[in-house]
Amino acid sequence: MRLVPRLLLALALATSSSLSLSGCGPKGMRKIEVPGAGVRLAYDLSPGASYSGHLRIGNTQSFDGASISQALECDVKLVVVGDDPRGALVRATFSNVDLKWGLPPSTPVSPEEFAADATAKLQGMNVTFNVKPTGEITYMPAPPQDVPDELKSFIDQVLRALEEGFLVVPDRALKDGESWDEDEQRGRKGKLGRYVEGKVTTKVAGMFHDEGRKEDLLRLEIQHKRKEVFTTKDGARTTESDTKATALFSTAGYLADVEGESRDYDPVNGMAFRKVDVKWKKLQGGDANATGGGGGDVQAITDPCDPDYVGEAECQGGGEVQAIT
């Protein structure tokens, strides 16, 4: 799973979320019984399936004794582009970006300049990644290497929040009160790029019916410990995170709501506390253009020099291929 990062301190992120970490039920939903035989969860990743989402991130970091607040709010659209050997090929597009991002005093650019830069980068940005029907993300691109460190760190946080819209679920029916563990591992250890390892423990904590969506949703309580190693030609950096989250998984085949608090440690940026709120709705009818308008399967692209290639192989034709456009 890739789920929400950290916040044990107060975080300036006002939230009107339908789900809270306090253990109360979601607002506007009716509690129902989890069937005795359990509920089987799986993601609808059929080509053309699409989802509209809303993402909110809030951070509190300390630099040289000063506290810095950072907040992002934006819309995200997910479209399942087609099939791929690694799993479904999914494209995320960002829009309606609202950014207030404080920076350390030593940063060479002003917060205003950075916000303008980062907003321009994120607005309309496309990110293509791979997901299995269980929710396992088998590939997520790393931030571009040819951008300033502050922007690189910002994009990384956005990608992490995107990952938090996918929780790995077991291939069996789940009963009320049942829990399961999932070991997380992605990337190539010791190689250039991002290597992720961690452990996620998830527990079923009731079920609700949403009249607005006309969907049943299983409530989940999540604990996530994660370590990430970022390796570049200049060396490697290891970050650690500890997360607690709650989620609502729709039996229509997607994670409808994720809300979590995390504590991150980065040897460069120090300790940070983070809160993330991600909400999704399934769009009726999907996206007819996702598969080229013809409804056929999308062929896997194996050439790493192709601009639409998604994978870890490096282009040998002279230019670095980015899965972020």
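The values are calculated or read from the model by the stated rules, or taken from the named source; none is laboratory data. Bear in mind that the values here come from a model prediction, so they are computed numbers and not experimental data. Don't worry about glycine lacking a Cβ; one is built from the backbone with ideal geometry, like all the others, and counts go over all protein chains shown. The accessibility values were calculated without ligands, DNA or RNA, using every heavy atom of the protein model including side chains. Shrake-Rupley method; radii C 1.70, N 1.55, O 1.52, S 1.80 Å.
Some values worked out for this structure:
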{"item": "Number of positions in the stretch 36-53 that are open to solvent by 60 Å² or more (accessible area, probe 1.4 Å) and either under 30 Å from S106 (Cα atoms) or of a type outside the set (A, V, I, L, M) (or both)", "result": "2"}
{"item": "Test result for K244, of a type in the set (K, R), in a strand (DSSP E or B) and without any contact (Cβ under 8 Å) to a residue 60 or more places away in the chain", "result": "no"}
{"item": "Those residues of the stretch 226-249 which are farther than 13 Å from Y195 by Cβ and among the polar types (S, T, N, Q), in sequence order", "result": "S241, T243, T246"}
{"item": "Filter result for E150 (part of a helix (DSSP H, G or I) and open to solvent by 60 Å² or more (accessible area, probe 1.4 Å))", "result": "no"}
{"item": "Some residue of the stretch 125-142 being of a type in the set (K, R), within 17 Å of D156 (Cα to Cα) and either open to solvent by 30 Å² or more (accessible area, probe 1.4 Å) or assigned to a loop (DSSP other than H, G, I, E, B) (or both)", "result": "no"}
{"item": "Subset of the stretch 47-68 (residues that are among the polar types (S, T, N, Q) and touching a residue at least 12 places away in the same chain (Cβ under 8 Å))", "result": "S50, S52, N59, T60, Q61, S62"}
{"item": "Residue count, the stretch 206-237 (criterion: in a strand (DSSP E or B), over 29 Å from P144 (Cβ atoms) and in contact (Cβ under 8 Å) with a residue 40 or more places away in the chain)", "result": "12"}
{"item": "Residue selected from the stretch 26-51 under the condition in contact with a Phe, Trp or Tyr (Cβ under 7 Å, 6 or more places away or on another chain) and not aliphatic (A, V, I, L, M), by the criterion nearest to V169 (Cα to Cα)", "result": "Y43"}
{"item": "Matching entry among D257, D277 (being open to solvent by less than 20 Å² (accessible area, probe 1.4 Å), touching a residue at least 12 places away in the same chain (Cβ under 8 Å), out of contact with any Phe, Trp or Tyr (no Cβ under 8 Å at 6 or more places or on another chain) and part of a strand (DSSP E or B))", "result": "D277"}
